[in-house]
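None of the figures in this text is laboratory data; all of them are computed from the coordinates on show. All values reported here derive from a predicted model rather than from experimental measurement. Cβ placement follows ideal geometry from the backbone for every residue including glycine, while neighbour counts extend to all protein chains displayed.
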Amino acid sequence: MALYDFAKGLILEAGNKVRFMMKEELDIETKSNPNDLVTNVDKATENYLYETIHHNYPNHQVIGEEGHGHHLKDTSGIIWVIDPIDGTLNFVHQKENFAISIGIYHDGQPYVGFVYDVMKDELYHTKVGEGSYENNRQLKLIQNTNLKTSIIGINPNWLTKPVVSDIFAPIVSDARSARAYGSAALEIISVAKGQLAAYLTPRLQPWDYAGGLMILNEVGGIGTNLLGESLELNRPNSILMANEKLHEEILNNYLNEQRETIASHHQQRFGNKLRED
Ligand code: 2AM
Ligand code: CA
């Protein structure tokens with residue numbers, strides 16, 4: 001079976017299992033801080049994904065949030081970058097607005113991306129070069145916008161933090177408005193659908209954005225870190241995803257004057273580590 005069809009069947013079945021497991025009481029633990037949660041469902045879903053991939057494709061590498069392969073041997077062959085539940089706080093508190101995210105790379109190049117909005121049963125997907133889809137409907141190329149007429153995605157918590165607030169507040173101030181949805185993967189999908197014109201955050205892990213970025217790139221969107229540099233599979237990074245014109249406007253008019261602050265924030269927060277905790 002072609003890899004794309006296998007991955008599509010796998011993510012849909014993982015979603016079925018999540019919906020089924022949600023009927024039982026969740027077992028919730030904290031990770032790096034009291035607001036960083038993981039549940040039995042995150043872990044069981046990652047295990048299911050990992051075991052099924054490994055059984056069918058023993059040579060593929062898998063990087064997953066909940067403990068599978070945080071260290072890549074190299075980028076040759078097929079690499080799966082998976083987040084069993086992106087938006088765990090939404091999953092725990094709201095029981096919706098979370099996604100399963102899968103990005104598949106071939107020899108280091110983006111190959112196939114999936115983001116599955118589990119409760120809406122909406123599967124976003126792309127085979128790179130062949131367009132992006134929401135279920136069977138092809139997504140259109142996104143329109144360019146200016147900041148002053150844009151709604152941007154940003155978590156308001158960041159505007160309460162020193163340093164990060166200095167970087168983000170002027171951008172929020174000049175935007176038409178800002179929204180926070182609580183799942184990076186779905187926020188990136190909102191950019192790909194043109195509902196948000198940009199999504200910014202000071203740190204994401206590769207599994208948070210891998211699938212979504214492939215889908216966004218296919219509709220003409222751009223994803224880099226806050227310095228305009230390309231994103232790499234083996235480390236966390238800051239994130240600026242937007243339509244092409246707005247990406248340039250935010251970089252040139254806001255972020256470039258903060259380059260030193262951003263670079264030192266990167267160095268302090270992640271260095272070269274895949275996880276920061
Ligand atoms: P998660 O639910 O898979 O942990 C919330 O604004 C979004 O940011 C979610 O997609 C969440 O992913 C991600 N996120 C939350 N805390 C994070 C952290 N410390 N580093 C990287 N990503 C984080
Ligand atoms: Ca997760």
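Side notes on the structure shown:
- Sites excluded, trypsin sites (Lys or Arg not before Pro) in DSSP loops with at most 15 other C-beta within 10 Å, longest stretch of the chain: 177-272
- Within the same chain, aspartates and glutamates fewer than 8 places from K8 are excluded, and of the rest, those with a Cα less than 17 Å from its Cα are E46, E51, D83, D117, D121, E122, E130, E134.
- The stretch 163-223 and the stretch 38-60 have their alpha-carbon centroids 27 Å apart.
- The calculated FRET efficiency for R176 paired with H60, based on their beta-carbon distance and R0 = 51 Å, is about 0.75.
- Percentage relative contact order, the stretch 1-79, counting C-alpha pairs under 8 Å, at least six apart: 20
- Take every pair of alpha-carbon atoms less than 8 Å apart whose residues are at least six positions apart; their mean separation over the length of the chain yields a relative contact order of 15 percent.
- All distinct Cα pairs of the chain go into the 1/r average, and the inverse of that average, the Kirkwood radius, is 18.8 Å.
- Shape category assigned to the stretch 7-66 from the gyration tensor of Cα positions, a/c cut at 1.5: oblate
- If you take all other residues with their beta carbon under 13 Å from the beta carbon of D174, and give Lys and Arg +1 and Asp and Glu -1, the sum is +1.
- Ellipsoid semi-axes in whole angstrom, largest first, where each is sqrt(5λ) of the Cα gyration tensor of the stretch 42-146: 24, 20, 12
- Those GluC sites (Glu not before Pro) in the stretch 195-277 that DSSP places in a loop and that have at most 16 other beta carbons within 10 Å: E229, E232, E276
- When the stretch 145-269 is reduced to its Cα atoms, the Kirkwood hydrodynamic radius in Å: 14.1
- Shown for T52, T88, T126, T39: other C-beta atoms within 10 Å of each C-beta, ranked fewest to most, produce the order T52, T39, T88, T126.
- Normalised by residue number, the volume inside the convex hull of the Cα atoms of the stretch 98-185 is 142 Å³ per residue.
- Within the shell defined by Cβ-Cβ distances under 10 Å, the residues around S238 carry a net charge of +1, with Lys and Arg each +1 and Asp and Glu each -1.
- Partners for K161 among aspartates and glutamates (Cα-Cα distance below 15 Å; same-chain residues under 8 apart left out): none
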